Amino acid sequence: MYQSSELIINEDGSVFHLHLKPGQIAGNIILVGDRARSAKVAAFFDSVDCDVQNREFHSITGTYKGKRISVISTGIGVGNIDIAINELDALANIDFSTREDFPVRKCLNMVRIGTSGGLQPYTPEGTFVASEYSFGFDGLPYFYNGNDSVRDKDAEEAFLQQCDYPANAARPYCVHSDKSLLDRIAQGMVKGGTICAQGFYAPQGRQLRYGLSSPCLNEQIRRFDYHGMRICNMEMESAALSALASIYGHKALTVCLIIANRYGKSFIGDYNPLMEKLIRTVLDRI
């Protein structure tokens, strides 16, 4: 039995942060960072049966072309992914009345739709990138039993050999996205590696008033090559999502719209039409 300090259930029967109740999530879930993007995704739904907001989490469940789908905003960063994935798994696989696991485990499909910066000349603004694998700089999975089984340790070693990664930072981890989701959703997209940074500025090589501890890291990341696998972009959630989803037995994939090319130092203006195209693509294929 999960104690009340571990699985926090609100007085109305909803889970602590998401404020969702069992039965209010679909088996297919779209995750977005921007709270306002939940409504943009749900605007394509044919009907809506659940609309719940709390903090940065805005969750809407409805139907799209006969498919029941949930969209949930997580806010920015790995910490919020930790909250969202744990609470979604609890909603799917724990009986809130007994605080015990259901006898049959449910597997969720989770696709993150985000924005990111491209690192290669072939990932200019407007490119759709699907994260075939992700390197996380945050260390989150190391707190979970079972992380050994989901990490690509050979890729981690290759990264450390090729890149001047800060010695006193959390060890990078590498996880792969779910292949079945990748094959179904990423048709026509650029596939490759993604860096999941734990911040937007220095961890992604941006420099304002203070210098970088590893000023050459982004260029080394851009040149990284592991059996032909190259790193295409940077964002802040993909690795944690794939790691926790895999540990819990769910399927996860991150697809991003490139809105800036870090290699070419360029930034797109109005990217909303392209984001709507990416949203509809995922909705049609999830």
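The values are calculated or read from the model by the stated rules, or taken from the named source; none is laboratory data. Quantities reported herein were computed from a predicted structural model and do not represent experimental measurements. Positions of Cβ are backbone-derived with ideal geometry, glycine not excepted, and every protein chain shown enters the neighbour counts. Just the protein is used for accessible areas: all its heavy atoms, side chains included, with ligands, DNA and RNA removed. Shrake-Rupley method; radii C 1.70, N 1.55, O 1.52, S 1.80 Å.
Restricting to the range 42-59, name every residue that is open to solvent by 50 Å² or more (accessible area, probe 1.4 Å) and among the β-branched types (V, I, T). The one that is open to solvent by 50 Å² or more (accessible area, probe 1.4 Å) and among the β-branched types (V, I, T): V48. All of G27, G62 fail the test of being of a type in the set (G, A, S), within 22 Å of the chain's Cα centre (by Cα), open to solvent by less than 20 Å² (accessible area, probe 1.4 Å) and on the phi < 0 side of the Ramachandran plot, apart from G62.
Inside the range 7-18, can you point out the residues that are in contact with an Asp or Glu (Cβ under 8 Å, 6 or more places away or on another chain) and open to solvent by 50 Å² or more (accessible area, probe 1.4 Å)?
So in the range 7-18, the residues in contact with an Asp or Glu (Cβ under 8 Å, 6 or more places away or on another chain) come out as 15-18.
Listed by number, the list holds a single entry, F16.
Of the residues that sit in the range 122-179 and are of a type in the set (A, V, I, L, M, F, W, C) and free of Cβ contacts under 8 Å to residues at least 24 places away in the same chain, which one is farthest from S214 (Cα to Cα)? Selected residue: F143. Consider the range 30-41 and keep the residues that are touching a residue at least 60 places away in the same chain (Cβ under 8 Å) and buried (at least 23 other Cβ atoms within 10 Å of the Cβ). The one that is nearest to I85 (Cα to Cα) is L31.
Here's the yes/no breakdown for (1) more than 25 Å from G79 (Cβ to Cβ); (2) over 15 Å from the mean Cα position of the chain (by Cα):
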{"site": "V111", "(1), (2)": "no, no"}
{"site": "P121", "(1), (2)": "yes, yes"}
{"site": "T127", "(1), (2)": "yes, yes"}
{"site": "A130", "(1), (2)": "no, no"}
{"site": "R151", "(1), (2)": "no, yes"}
{"site": "C163", "(1), (2)": "no, yes"}
{"site": "N168", "(1), (2)": "no, yes"}
{"site": "Q187", "(1), (2)": "yes, yes"}
{"site": "Y210", "(1), (2)": "no, yes"}
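The selection criterion, being at negative phi, part of a loop (DSSP other than H, G, I, E, B) and in contact (Cβ under 8 Å) with a residue 60 or more places away in the chain, does not hold for P103.
Residues that are polar (S, T, N, Q) and under 12 Å from L31 (Cβ atoms) were ranked within the range 65-91; the one that is most open to solvent (accessible area, probe 1.4 Å) is N80.
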